[in-house]
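First up is the structure itself, then whatever we jot down about it.
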Amino acid sequence: MALKKIKELIREMVFENQSNAHQYAEVMANLVFDRNKFDEYETKIDEAKQNTAEYDIKIKEINAELDKAKSDRNNIVSRKKELTVEKFKSAMADINQNIKALETEQRTTIDEKIKKGFVNLDPVIKKYACLRYLSNEYVKNADFKTETDEDGFIYADDYEFKSSEIARNFREISDYVDYIFGNRNSKITEPKSIVEIIKRDASELNLPIENLTPSTIIEIYNSLLARIAEENRNKQSEKEQIELSQIGIEPIQDFGDGLVMYRLLPDTEYYDEHHKHRNLVYEGNQMGICIGQEQQSYSQNIFDLKKNQYYSLRKKQPNGQLMPHCTIEVNSNTVSQVKGKSNGPVTGNYIQPVRDFLKQHLNVAFPGEENTKNKRELYDYSNIGFIEDFYYETVDLFNLPPNTELGKISYDLLSVKGIDLKNIKSIKTLECKGGTITQKELDKISNNFVIKTFRNAKLSGTFDFSNKEELVLNYCDLSNAEIKFNPNAKYIDIDQSQGLHGKYDFSGVTTLCLRTKNLSNAEIKFNPNAKYIGLNCPLQGIHDFSGVKELYCNCADLSNAEIKFNPNATFINLHKTSGLHGTHDFSSVKEINLSYCYLSNAEIKLNPNADYINLGNTKGLRGTYDFSGVKKLILNDCYLSNAEIKFNPNAKYIDLSYVKGLHGILDFNGVKELILNDCDLSKVTKIIVNQELFDNIIDFINESDRHKIVVAKPKSKVDLLNKGITNLKNKMSVGTQQPKEKMSGSGRNND
């Protein structure tokens, strides 16, 4: 039987057309008489059969994998809508659950969320809150080194952070947030609610604050505390205040002339029915600070006097009342707060007694001293005369080196005895706290140094600033002032100030900011070639900005103004500008922001190769716009039915969320990031995207519009598998011919 198979095999391999009978007979003879040769060929036949069977099994396995992959793909496609709906329902369930949790445990849930989620800085300062939401950039631009972790949270070196001004701001703002949670009846379901409450407080206190920064939030809070303290004092008689000032305290250090440092005693007999220490409440009402108010944190802390102790520097009045002038809080090994009235610095001649007490009784390490393990740390050293100079180095006001350039200092501190003003070269910011200042008063203190920034000052009378190269008037009242500016100054910033009136020549000012509410009583002459001009108030008349490199007209009314823009500007920002009219050429502007503008009365020519164009929420777009070279384009919430848009197929970023009126074929094949959230695609015939874009936008496209999306360069796993199978089959077909050629060759050689 085996010989018969051999004959058939040889007939197939060697005797292909059966025309050479002699050769066939010779081969058969050799096989018959050479038993070893016969066994060798029989072995090769068995191996060939085995290999062929293995190849058949592999092909079947691959085909099975291919069928499974195709089946999985079909199942995913058929269930995609169902999966999307399930995902949406699951997300909504989570949201509803969170809302219920917030409604039932409002304070705890949100408080922890803000403290841990929105700030998440180093845990050394554990009480700050809400800063990440309110002013993240403030943290990034702080005067100490910060870094960002993989989750995007900012952190800093422990020692640098807790001893910095920003850490002090964090503590005060966290007290404000704590106060909001503990005292407001309105429901707080998100951090934005807190921001709205803070803005409402500013409005009720008549504070002209437009932007919430750490300093403005603290200003609002301190004003709020001062008002609450005044209301509480008015509710008490003089007799009640005298009695409250004398209970629950013990003297620690006597400085003479009725000035004594007291410690608040922890005995329960001094607590009221609300678990508040009576004298702590008195302290808060007299000082206008947060302790003793309705905040939960202080009602908790005062019970644990092993970790928290409170001291008060008080001066005896003729009627016997002990009037506080400084409040000190000690938390374990740290002096966490040293406050003057309204959370400000300790004033006047009370600074030195407070320093003596901190040094002698609390063993505090002052700046510049070696901070040993036995020393207590001090956070509010700036409130007792240790402030930062222009270079963020801490200096002692009572021991200033010559030619000191100070950073920020209160106007009140300059009148304290023991400060040598002759050693001051310049002051970056003079904080005036709403007090009235005249030129004569300035001359008394500033004959020897330069003041660059006035903050919260009421200027009265005539002021000559014509020799100042840089001048900033922040939150100042200029209604009663006649000011002479330097027409060729490098930098003038009148930020959030009011009452500017008269004629002003800024024709040579390089950088000018006029972020003020009203300029109707002022006649301004601008520099047409300035590097930067910033405005957020109505303009009237003709203004030439044809050479201005960077122009900001945020929230400005231009209805009664004729503006000539620079077609080659680096950046033009007309965000929320109203009344724009006429023809304007921005064809060479690299970056332009026209968000929230109404353009029906204006003819706009934009740069087709700009780096950045923002037309978000813009109304009145019409005509043809070529954005074929724009790298970053924002058109969110726009109506484009009357506009023909040519997009850049290779843009870095395009935002078309909530856009209506898109039509035709849209090519986004090379776009790196595309946003189509709730975009109306009903009139779009086709959208060309790449695989990565498809994966990112598919969940935000309606089911009825998904067939319009074309993936230009598919890279699915099924395609790669098909290609691999084809290559494998080719290799296998080549491999099965190899044995035949060898066997045929051996036969011819034997011939």
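The values are calculated or read from the model by the stated rules, or taken from the named source; none is laboratory data. Note that the structure is a prediction, hence the values are computed from the model and not measured. No Cβ is skipped: glycine too gets one built from the backbone with ideal geometry, and neighbour counts run over all protein chains shown. With ligands, DNA and RNA removed, areas are computed over all heavy atoms of the protein, side chains included. Shrake-Rupley method; radii C 1.70, N 1.55, O 1.52, S 1.80 Å.
Report the FRET efficiency, 1/(1 + (r/R0)^6), for Gln498 and Glu469, where r is their Cβ-Cβ distance and R0 is 30 Å, rounded to 0.05.
It comes out at approximately 0.75.
Quick one: which residues, 5 or more positions from Gln337 or on another chain, have an amide H under 5 Å from its amide H? H modelled 1.01 Å from N in the peptide plane, none for Pro or chain starts.
Glu329
Work out how much length Lys425 to Ile542 would gain on full extension: take 0.36 nm times their residue separation and subtract the Cα-Cα distance, in nm to one decimal.
38.0 nm
Say the cut-off is 19 Å between C-alpha atoms; which of Lys359/Lys428; Lys199/Lys235; Lys531/Lys590; Lys631/Lys672; Lys341/Lys444; Lys433/Lys525 go over it?
Lys359/Lys428; Lys199/Lys235; Lys341/Lys444; Lys433/Lys525
What number does the range 638-713 give for Rg over Rh if you use C-alpha atoms and the Kirkwood radius?
Ratio of gyration radius to Kirkwood radius: 0.91.
Which whole-percent values make up P(r) of the range 333-422 when all C-alpha to C-alpha distances are grouped in 10 Å steps starting at zero?
16, 50, 30, 4
Using only Cα positions of the range 530-672, each an equal point scatterer, no hydration layer, compute I(q)/I(0) via Debye at q = 0.10, 0.12, 0.16, 0.19 Å⁻¹ and quote the log10 values to two decimals.
Listed by q, the Debye log ratios stand at -0.32, -0.46, -0.81, -1.12.
Quick one: accessible surface of Cys553, probe radius 1.4 Å, all protein chains present, in square angstrom to the nearest 10.
0 Å²
Could you order the peptides 433-442, 317-326 from most to least packed, using the average number of other C-beta atoms within 10 Å per residue?
Ranking the peptides 433-442, 317-326 by packing returns 317-326, 433-442.
Once the Cα gyration tensor of the range 406-470 is diagonalised, what are the square roots of 5 times its eigenvalues, in whole Å and ordered largest first, as equivalent ellipsoid semi-axes?
Semi-axes (√(5λ), whole Å): 17, 14, 12.
Return, ordered by residue number, the residues of the range 637-651 whose backbone nitrogen is under 19 Å from a label point located 7 Å along Cα→Cβ of Ile665.
So the set is 644-651.
Sort out for me the Cα centre separation of the range 628-674 from the range 307-342, rounded to whole Å.
The range 628-674 and the range 307-342 have Cα centres separated by 61 Å.
Could you tell me the calculated FRET efficiency between Ser520 and Ser237, based on Cβ-Cβ distance and R0 = 45 angstrom, to the nearest 0.05?
According to the calculation, E is roughly 0.40.
Set Lys and Arg Cβ to +1 and Asp and Glu Cβ to -1, take the dipole of the range 567-620 about its Cα centre, and tell me which of Thr618, Asn593, Thr570 lies farthest positive.
Ranked along the dipole, the leading option is Thr618.
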